[in-house]
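I have placed the structure first, in the form of structure tokens, so that the comments after it can refer back to it.
The values are calculated or read from the model by the stated rules, or taken from the named source; none is laboratory data. Nothing here was measured: the structure is a model prediction, and the numbers come from that model. All Cβ positions, even for glycine, are placed from backbone atoms using ideal geometry, and neighbour counts span all protein chains on display. Surface accessibility is based on the protein's heavy atoms, side chains included, excluding ligands, DNA and RNA. Shrake-Rupley method; radii C 1.70, N 1.55, O 1.52, S 1.80 Å.
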Amino acid sequence: MREVVSLETTWIIRQMAEEDVAAVAALEAESFSRPWSHDAFYKTLSDDNYIVLVLKEAETLLGYCVLLCTGEEADITNVCTCPAARGKGVATALLSALFAAGQARGVTDFFLEVREGNAPARRLYEKLGFEVIGLRKNYYEEPKENAVLMKYEAEGK
């Protein structure tokens, strides 16, 4: 994937590199009760099934997202924005770039799970065109909560 530079900001979206792994893992640990480890992120660097994008401003990581591709379907496994940048379009920019990267690999259907009580994330996903397709009871732990299963179908499918 080539680097994407926004003309409206000084944001850069690009594929995660080895030098990003520590910052991505730290933000993950800060944001989630059951975070991926440093090693888990590091292993995605050599696994062609994963697309991991980072959004940076200068040298500061503002967010990242992870896509696990399996043919025409893909799971968005992680979406995270640093607390100071939430509500500023970081996740929207990342997901738009993730859709493009996935579609370039032939992905037509994108899936994700989101905590039932995470209203801001659910609104974002719905705004981007995701539809609710199911509920996974007690999917999350720490705290225990249902997951809403959502799907996005790429245009031109």
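Observations on the model:
- Residues of region 88-100 that are in contact (Cβ under 8 Å) with a residue 40 or more places away in the chain, under 12 Å from residue 63 (Cβ atoms) and open to solvent by 10 Å² or more (accessible area, probe 1.4 Å): 93, 97.
- Against the conditions (1) open to solvent by 40 Å² or more (accessible area, probe 1.4 Å); (2) touching a residue at least 40 places away in the same chain (Cβ under 8 Å), residue 54 satisfies every one except (1).
- Of the residues examined, residue 137 is not one that is within 23 Å of residue 57 (Cβ to Cβ), surrounded by fewer than 14 Cβ atoms within 10 Å (Cβ to Cβ) and out of contact with any Leu (no Cβ under 8 Å at 6 or more places or on another chain).
- Complete set of residues in region 49-63 that are assigned to a loop (DSSP other than H, G, I, E, B) and closer than 13 Å to residue 17 by Cβ: 59
- Inside region 45-89, residues that are β-branched (Val, Ile, Thr) and over 19 Å from residue 31 (Cα atoms) make up a count of 2.
- Selection count, region 28-51, where residues are hydrophobic (A, V, I, L, M, F, W, C) and surrounded by fewer than 12 Cβ atoms within 10 Å (Cβ to Cβ): 0
- Leading residue by the ranking (farthest from the chain's Cα centre (by Cα)) among those in region 101-120 that are of a type in the set (A, V, I, L, M) and surrounded by 15 or more Cβ atoms within 10 Å (Cβ to Cβ): 107
- Boolean, residue 85 is open to solvent by less than 40 Å² (accessible area, probe 1.4 Å), modelled with pLDDT under 95 and either within 23 Å of residue 14 (Cβ to Cβ) or of a type in the set (Lys, Arg) (or both): yes
- Counting only strands (runs of 3 or more DSSP E) wholly contained in region 94-157, the ones carrying 2 or more residues that are more than 15 Å from residue 78 (Cβ to Cβ) and in contact with a Gly (Cβ under 7 Å, 6 or more places away or on another chain) occupy 145-153.
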